[in-house]
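**Q** Please see the structure below; I have some questions.
The values are calculated or read from the model by the stated rules, or taken from the named source; none is laboratory data. Just so we're clear, the structure is a prediction, and the values are computed from it rather than from any experiment. Note: ideal-geometry Cβ built from the backbone for every residue, glycine included; neighbour counts use all protein chains shown.
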């Protein structure tokens with residue numbers, strides 16, 4: 001006998017409710033797709049790293065913005081300040097902040113990544129648990145900024 005017989009309406013209701021609930025959970029767990037910065041037909045995005053001050057003798061600070069790195073949850077981009085060949089500041093210019101969960105993760109991840117970068121004086125920093133994609137994008141953007149600064 002078939003599970004959805006007409007003389008067992010309660011079974012049909014339970015199965016239909018379970019299927020509907022499962023479908024809703026799947027739909028609500030989807031994250032909206034963000035643009036990857038590629039134009040149709042283009043093979044790679046253009047680099048966005050830039051230096052805001054030329055290297056000058058005498059210890060002037062040099063500020064360099066790294067490339068925007070596209071992650072699964074959104075773009076990540078950092079800006080570094082270098083003075084006397086030493087990394088003195090790292091600022092996250094762009095990072096995922098579209099929803100409360102992104103904001104929660106990045107409220108603890110970005111300060112940790114900044115401390116790691118200043119302590120290491122390089123992009124060879126530890127990942128932050130729970131913020132893997134942001135950590136990866138941060139490291140890549142940091143490395144591109146350091147490369148642009150000639151470090």
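**Q** Which of (1) at pLDDT 70 or above; (2) part of a loop (DSSP other than H, G, I, E, B); (3) within 30 Å of residue 130 (Cα to Cα); (4) out of contact with any helix residue (DSSP H, G or I) (no Cβ under 7 Å at 6 or more places or on another chain) is the odd one out, the single condition residue 67 does not satisfy?
**A** (4)
**Q** I want to confirm something. Restricting to region 7-31 and keeping residues that are at pLDDT below 80 and more than 30 Å from residue 97 (Cβ to Cβ), which single residue is surrounded by the fewest Cβ atoms within 10 Å (Cβ to Cβ)?
**A** Per the stated criteria, the residue is 7.
**Q** While we're on this one: Residues that are surrounded by fewer than 14 Cβ atoms within 10 Å (Cβ to Cβ), in contact with a helix residue (DSSP H, G or I) (Cβ under 8 Å, 6 or more places away or on another chain), modelled with pLDDT under 90 and within 17 Å of residue 142 (Cβ to Cβ): does region 52-61 have at least one?
**A** no
**Q** In this structure, is residue 140 modelled with pLDDT of 90 or more, more than 14 Å from the chain's Cα centre (by Cα) and within 30 Å of residue 29 (Cα to Cα)?
**A** no
**Q** Moving on. Go through region 99-150 residue by residue and tally those that are in contact (Cβ under 8 Å) with a residue 24 or more places away in the chain, within 23 Å of residue 64 (Cβ to Cβ) and not in a helix (DSSP H, G or I).
**A** Residues flagged as in contact (Cβ under 8 Å) with a residue 24 or more places away in the chain, within 23 Å of residue 64 (Cβ to Cβ) and not in a helix (DSSP H, G or I) within region 99-150 amount to 4.
**Q** Only one of 119, 145 is more than 10 Å from the chain's Cα centre (by Cα) and buried (at least 20 other Cβ atoms within 10 Å of the Cβ); which? Give the steps one after another, and end with the answer.
**A** Values: 119 fails: buried (at least 20 other Cβ atoms within 10 Å of the Cβ).
None of the other options fit; the residue is 145.
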